[in-house]
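Novice: Sharing a structure here in structure tokens format.
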Amino acid sequence: MGNLSSYTTMQFFAAVLTAIALAAPILATPTALRTVEKFSGEKTGKFIVELKEGASKINVLASLNANVTHDWSLIHGFAGKYYVIAY
């Protein structure tokens with residue numbers, strides 16, 4: 001009787017591990033990105049900039065009075081605090 005009990009336990013754990021392995025990819029899928037169009041709060045002067053294809057990141061950064069805090073290649077862009085100079 002001892003062998004039947006351990007065999008049943010082993011089958012149970014194999015079934016549980018199989019269920020977890022099948023459910024893991026479904027639960028790990030990312031959600032769709034959402035765009036932020038408005039923010040009701042204090043403005044900080046920080047922005048995320050995504051450049052169009054073919055735009056030179058070096059030229060854009062050279063023309064800005066900016067403190068770049070993040071530089072990404074994934075979205076071909078950067079983030080930071082930008083200052084507007086009024087004339």
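Novice: Students often get this wrong, so try it: which of [x] 13.3, 43; [y] 12.6, 38; [z] 26.2, 90 is Rg and Dmax of the Cα atoms in Å as calculated from the structure shown?
Specialist: Here Rg and Dmax of the Cα atoms in Å agrees with entry [z].
Novice: Okay, next question. Run the dipole for the chain about the Cα centre, Lys and Arg Cβ at +1, Asp and Glu Cβ at -1, nothing else charged, and hand back the magnitude in debye, nearest 20. Could you put the intermediate results ahead of the total?
Specialist: On the way: 7 positive and 5 negative charges, 44 e Å.
Taking the Cα centre of the chain as origin, the dipole is about 200 debye.
Novice: Counting only heavy atoms of the protein chains, get the accessible area per residue of the range 39-85 (1.4 Å probe) and round it to a whole Å² value.
Specialist: 84
Novice: Separate question: Between beta-carbons, use under 12 Å as the cut-off and find the net charge around Ile75, counting Lys and Arg +1, Asp and Glu -1.
Specialist: -1
Novice: Modelled label-to-label distance, Leu17 and Thr29, 7 Å Cα→beta-carbon offset: nm?
Specialist: Calculated label separation equals 2.6 nm.
Novice: Once you mark the trypsin sites (Lys or Arg not before Pro) that are in a DSSP loop and have at most 16 other Cβ atoms within 10 Å, what is the longest gap between them in the chain?
Specialist: It works out to 53-87.
Novice: Among the aspartates and glutamates, which have Cα under 16 Å from the Cα of Lys81 when same-chain residues fewer than 8 positions away are ignored?
Specialist: List returned: Glu42, Glu50, Asp71.
Novice: Check the straight Cα-Cα distances from Lys38 and name the lysines below 17 Å, setting aside those fewer than 8 residues away within the same chain.
Specialist: In chain and number order, the partners are Lys46.
The values are calculated or read from the model by the stated rules, or taken from the named source; none is laboratory data. Only a predicted model underlies this, so the values are computations on that prediction, with no experimental measurement involved. We place every Cβ from the backbone using ideal geometry, glycine too, and count neighbours over all the protein chains shown. We work out accessible area using only protein heavy atoms, side chains counted, and drop any ligands, DNA or RNA first. Shrake-Rupley method; radii C 1.70, N 1.55, O 1.52, S 1.80 Å.
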